[in-house]
Amino acid sequence: MAALDRPVVKPRPVYLNLLAIRQPLAAVVSILHRASGALLFLVGIPALLWSVEASLVSPETFGQWKAVMRHPVAKLVALVLAWAYIHHLLAGLRHLALDLHVGLDLPSARRSAAFVFVLGLLLTLLVAVRLW
Amino acid sequence: MVTSVQRAGGAHYGWRDWLSQRITAVIMLLYTLLILGVVLWNGGLDYTTWTRLFAGGAFRLATFLFMVALMLHAWVGVRNITMDYLKVAWVRLSVQVAVICVLVVYAGWTLALLWGAP
């Protein structure tokens, strides 16, 4: 009856410290998908609406908008938002593929996560070149 | 207590939101490709090209479709975030109501931009 004397609940960590765990790249891509989505909601949508309005109302406001966008801080914000949009879109496409049972096995899923992460940064680099 | 027969309960909005999140995503993807194509075709956009684009009814409609998809997509996404991190009911509800209000204002802003008085 020795087996019954053992505690049923094995000692396990009480909590998981997300910062102490080395996250697989798919997890990083996933949390960045969420973070970029939150950023697009908080900053992206108002910035988009403001930009469309300013650029459409009159040639003067269009010029003012272009002048604002020449400021380094505005360019930095635009670049971060561009990355957020690109990463969110690519990670979303990866989700759609996984939904369709494409690339579900672990090596493929790891490869696609790396692909999304790197392609997102490369396309953002293109935007940066275009901005500066 | 676990009874012998348990039905999976719930409000059943999960699958609907899951589907709508994907449909709105595809709508936004197509619009993004459209804009990208227009920008690349024109080699950048000046004021004249930009406003002429918005003069077209079809483009306005496509833009409106994109914005509606964006608001719905943002709602499902942000609501998921609140459900994961906001554990106190009244805090969660308050934030969700605030998010809905903001999104409705954005939708109104979009309507005013596209079809409002110049």
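The values are calculated or read from the model by the stated rules, or taken from the named source; none is laboratory data. Note that the structure is predicted; figures quoted are calculated from it, not measured. All Cβ positions, glycine included, derive from the backbone under ideal geometry; neighbour counts span all protein chains shown.
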- prompt: Among the residues of segment B:80-88, is there at least one that is surrounded by 14 or more Cβ atoms within 10 Å (Cβ to Cβ), at the interface with chain A (Cβ under 10 Å from one of its Cβ atoms), more than 23 Å from A:Arg34 (Cα to Cα) and within 17 Å of the chain's Cα centre (by Cα)?
  reply: no
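Count, please, the residues in segment B:1-23 that happen to be of a type outside the set (A, V, I, L, M) and at pLDDT 90 or above. Give the derivation first.
Narrowing segment B:1-23 to residues of a type outside the set (A, V, I, L, M): B:3-4, B:6-7, B:9-10, B:12-18, B:20-22.
Restricting the remaining residues to those that are at pLDDT 90 or above gives B:16-18, B:20-22.
Of the residues in that region, 6 qualify.
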task: Return the pairs, sorted by first residue and then second, in which the second residue is surrounded by 13 or more Cβ atoms within 10 Å (Cβ to Cβ) and basic (Lys, Arg), the first residue lies in segment A:92-120 and is over 19 Å from B:Thr32 (Cα atoms), the beta carbons are less than 6 Å apart, and the residues are 6+ apart or on different chains.
output: A:Ser112/A:Arg94
field: Odd one out for B:Phe59 among (1) free of Cβ contacts under 8 Å to residues at least 24 places away in the same chain; (2) touching a helix residue (DSSP H, G or I) at 6+ places or on another chain (Cβ under 6 Å); (3) within 11 Å of chain A (Cβ to nearest Cβ)
entry: (3)
message: Among the residues of segment B:91-107, are any closer than 21 Å to A:Val52 by Cα, more than 9 Å from every other protein chain (Cβ to nearest Cβ), in contact with a Phe, Trp or Tyr (Cβ under 9 Å, 6 or more places away or on another chain) and touching a residue at least 24 places away in the same chain (Cβ under 8 Å)?
response: no
message: Among the numbered criteria (1) under 12 Å from the mean Cα position of the chain (by Cα); (2) buried (at least 18 other Cβ atoms within 10 Å of the Cβ), which one does B:Leu113 miss?
response: (1)
